[in-house]
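Report on the following structure.
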Amino acid sequence: MEELRDKGIKDEAILAAIGKIPRHKFVDSALWNRAYEDSALPIELGQTISQPFTVASQTELMKVQRGDKVLEIGTGSGYQCAVLCELGAKVYSVERHRELTERARKILHELGYRAMFKCGDGSLGWSAYAPYDAIVVTAGAPVIPEELREQLAIGGRLVIPVGDEERQLMMRIIRTGEEEFEQENFAHYKFVPLIGKQGWGR
Ligand code: SAM
């Protein structure tokens with residue numbers, strides 16, 4: 001936790017959640033010796049579990065409050081989802097690979113967290129449960145998907161890395177009114193691509 005604090009993470013609730021969640025459960029046993037490093041690690045299907053610093057930064061930017069309804073795009077390992085659950089959010093998580101959805105569902109259940117999972121194209125959000133107090137996209141998008149903006153509650157925060165496939169700028173979009181949005185830009189990151197109708201078409 002000291003490492004994340006030194007790198008600038010200030011929210012003690014987030015640091016405590018990261019300290020509590022057994023990250024090794026989300027990676028293959030061959031990587032258990034690296035599970036508590038501050039680095040992204042490979043998971044199945046060429047995807048990654050995000051670096052703890054990235055998870056902490058995105059979560060800080062989302063300004064999650066206990067009881068918030070949160071949409072995560074890119075379930076991946078399920079680790080970010082567990083952090084959000086630990087913070088008391090009601091989490092809806094979308095992943096395009098069924099195998100990863102089912103794997104994450106199982107791990108979260110074993111750890112005693114409750115979240116809703118869906119396999120599908122998260123670049124379109126999950127309209128059935130909108131609006132959301134916060135939306136986090138954990139894959140790199142070419143543009144800000146219109147559908148995600150529309151699924152924000154007023155006052156809601158969308159945290160999304162936007163750019164090309166090599167480098168993305170972390171953005172936070174806050175819905176300040178029915179048709180009003182404010183955008184802030186943060187640091188650069190490198191994520192796996194968001195693949196879908198409002199992502200990279202493939
Ligand atoms: N949040 C994850 C975690 O904590 O392990 C990290 C996710 S990984 C960096 C990005 C994930 O986004 C991958 O699992 C990938 O399959 C998924 N993804 C990419 N495009 C997607 C889309 N359109 N809809 C849903 N998931 C998508």
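Values for this structure:
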read-out	value
Any hit, the stretch 172-186, residues being within 16 Å of the ligand (Cβ to nearest atom), touching a helix residue (DSSP H, G or I) at 6+ places or on another chain (Cβ under 8 Å) and either modelled with pLDDT under 95 or not charged (D, E, K, R) (or both)	no
Flag for residue 29 being among the small types (Gly, Ala, Ser) and near the ligand (Cβ under 7 Å from one of its atoms)	no
Of the criteria (1) buried (at least 18 other Cβ atoms within 10 Å of the Cβ); (2) in a helix (DSSP H, G or I); (3) in contact with a Phe, Trp or Tyr (Cβ under 7 Å, 6 or more places away or on another chain), which one residue 161 fails	(2)
Subset of the stretch 120-158 [closer than 23 Å to residue 54 by Cβ and assigned to a strand (DSSP E or B)]	132, 133, 134, 135, 136, 137, 140, 141, 152, 156, 157, 158
Every pair of residues 6+ apart whose Cβ atoms lie under 7 Å, when the first sits in the stretch 89-102 and is of a type in the set (Asp, Glu) while the second is modelled with pLDDT under 95	99/44; 99/45
Residue match in the stretch 147-158 (condition: in contact (Cβ under 8 Å) with a residue 40 or more places away in the chain, out of contact with any strand residue (DSSP E or B) (no Cβ under 6 Å at 6 or more places or on another chain) and more than 14 Å from the ligand (Cβ to nearest atom))	no
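The values are calculated or read from the model by the stated rules, or taken from the named source; none is laboratory data. It should be emphasised that the depicted structure is a prediction, and the values quoted were computed from it without experimental measurement. A quick note on method: Cβ atoms are made from the backbone with ideal geometry, for glycine too, and the neighbour counts reach across all protein chains shown.
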